[in-house]
Amino acid sequence: MQAVVLPRYGSADNLQFTSIRPPKITADQVLIKVHATSVNPIDWKLRQGMLKWVMPDKLPGVLGFDAAGEIEEVGYAARQQGWHERDAVMAFSGNTLGGCYAQYVAVDAKLLARKPENFSYEEAAGVPLAGTTAWKSLVKLGQLHAGDDVLINGASGGVGTYAVQIAKALGAKVTAVCSASNHELVRSLGADEVIDYHQVDFTRIDRSFDIVFDAVSKSSFLECRRILKPVGHYIATLPSVEAVGFSVFSKLQRQSCHVVLARPDGDILRSLSSLANEGKLRTVIDSVYPLNEVADAHRKSEQEHVVGKVIVQVISENTSGETSPD
């Protein structure tokens, strides 16, 4: 099969488009024929070697945690869970490096969700990691309830666009922080109020929130405490010595500090699929790259000004209507 392999840590130039053997599945797994995947910041941080101390793995390896495609092969136990060949699915891979920058990936059946009927494979490929991160941050760590006041920093990014929609779908009042050029977009996703971070320091406004979710980890718990309600929750997406320290310390306080570490969770992914089928969740696509241009997709993501998701198309429709690898 065709795949993009990382032989050693370093720049995007190290990513190699090549042929490797397809993975073999266990009884609990399915083999997904990947139509599309996506680039998340964790991908290029792993590529650079920034996360070796958190997620050690031996190279060469295949990156990519998001997969949207059709089931090609089903293990015995996975079939007992109701999965069949040609089911359209999406998944957050539990492999250490992901393995989804490839034509095929093996995934535990418990991590699968059915592709939303109203989503293309490209739209579905954006959901797993970013959507799970947003859901876990708001619902599990932030304990979001209907009527809560929620502030989302980085609201126009991959995680942020899903977070705005999830918070709104669950009945929260949403204040979105992003550049002025993206205000119309986040309003269309459900934001009630918007703040231009170029003009206003959101940590100094005269407001308080039940949840402050920094989807881009540009603020600190200390900076945000003054805009948190007495029992408010602050959640960041990147681990730091300060954030981890405060997350431990805040267990003794009424205000809490959390660092979200997204892990594959089939229940969350299925909840996201349901929201999408109900028309309450959509994927904002910044750009689409073919599999053999993943290096360029990484460079795009590394600029950190992506609006929504960077998608990688593994299989495209040709003029005859049949699918073919890029």
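Computed over segment 117-233, the percent of Cα pairs more than 18 Å apart is 46. Charges were assigned to the Cβ only: +1 to each Lys and Arg, -1 to each Asp and Glu. The resulting dipole of the chain about its Cα centre is roughly 980 debye.
In this structure the amide hydrogen of Ser316, modeled in the peptide plane, comes within under 5 Å of the amide hydrogens of Ser324, Asp326, none closer than 5 places in sequence on its chain. Relative to the longest principal axis of the Cα atoms of the chain, the long axis of helix 158-169 lies at roughly 70 degrees. Once you reduce segment 177-233 and segment 101-166 to the center of their Cα atoms, the two points are 19 Å from each other.
Rounded to the nearest 10 degrees, what's the angle between the helix 266-277 long axis and the longest principal axis of the chain, both from Cα atoms, 0 to 90? Value to nearest ten degrees: 80. Taking other residues whose beta carbon is less than 13 angstrom from the beta carbon of Lys140, and scoring Lys, Arg as +1 and Asp, Glu as -1, yields 0. Global dimensions of the chain from alpha-carbon coordinates: Rg and Dmax equal 19.5, 63 Å.
Comparing Ile235, Ile25, Ile268, which has the greatest mean-square fluctuation in the GNM of the chain with Cα pairs linked when under 10 Å apart? Sorting by GNM fluctuation, first place goes to Ile25.
Remind me, relative contact order of the chain in percent, using alpha carbon pairs under 8 angstrom and six or more residues apart? List each step's numbers first, then the result.
Numbers: 787 pairs, mean separation 63.6, N = 326.
Computed value for the chain: 19 percent relative contact order.
When Met1, Met90 are arranged by Cβ crowding within 10 Å, least crowded first, meaning fewest neighbours, the order is Met1, Met90. For Val105, nonlocal amide neighbours, meaning residues 5 or more places apart or on other chains whose placed amide H falls under 5 Å from its own, are Ile32, Val34. For the chain, modelled as a GNM whose springs connect Cα atoms under 10 angstrom apart, the maximal fluctuation among Leu275, Leu189, Leu129 occurs at Leu275. Each residue of segment 92-109 was assigned a 3J(HN,Hα) from its phi angle through the Karplus curve 6.51 cos²θ - 1.76 cosθ + 1.60 (θ = phi - 60°); the sequence is 9, 5, x, 5, 4, 9, x, x, 8, 7, 7, 6, 9, 9, 8, 9, 4, 4 Hz, with glycine and proline shown as x.
Fewest-first ordering of Ile285, Ile211 by other beta carbons within 10 Å of each residue's beta carbon gives Ile285, Ile211.
Comparing Ser219, Ser181, Ser93 in a Gaussian network model of the chain, where Cα atoms under 10 Å apart are tied by springs, the biggest mean-square fluctuation is seen for Ser181.
For Leu228, the amide hydrogen comes within under 5 Å of the amide hydrogens of Phe209, counting only partners 5 or more places away or on other chains and with H modelled in the peptide plane.
Placing unit charges on each Cβ (+1 for Lys and Arg, -1 for Asp and Glu) gives segment 121-209 a dipole about its Cα centre, and among Ile166, Val194, Ser181 the Cα reaching farthest toward its positive end belongs to Ile166. Of the residues Val284, Gly266, Gln16, the one whose Cα sits farthest towards the positive end of the charge dipole of the chain is Gly266 (charges of +1 on Lys and Arg Cβ, -1 on Asp and Glu Cβ, taken about the Cα centre). Across the chain, the longest run free of exposed loop sites, meaning GluC sites (Glu not before Pro) lying outside DSSP classes H, G, I, E and B with no more than 15 other Cβ atoms within 10 Å, spans 118-277.
Residue pairs exceeding 32 angstrom between C-alpha atoms, taken from Lys45/Lys136; Lys58/Lys168; Lys110/Lys218; Lys33/Lys173; Lys52/Lys229; Lys58/Lys280: Lys58/Lys168; Lys110/Lys218; Lys33/Lys173; Lys52/Lys229; Lys58/Lys280.
Laboratory data are not the source of any read-out in this text; all were calculated from the coordinates shown. Since the model is a prediction, treat every value here as computed from it, not as a measurement. With ideal geometry, Cβ positions are generated from the backbone for all residues, glycine too; neighbour counts draw on all protein chains shown.
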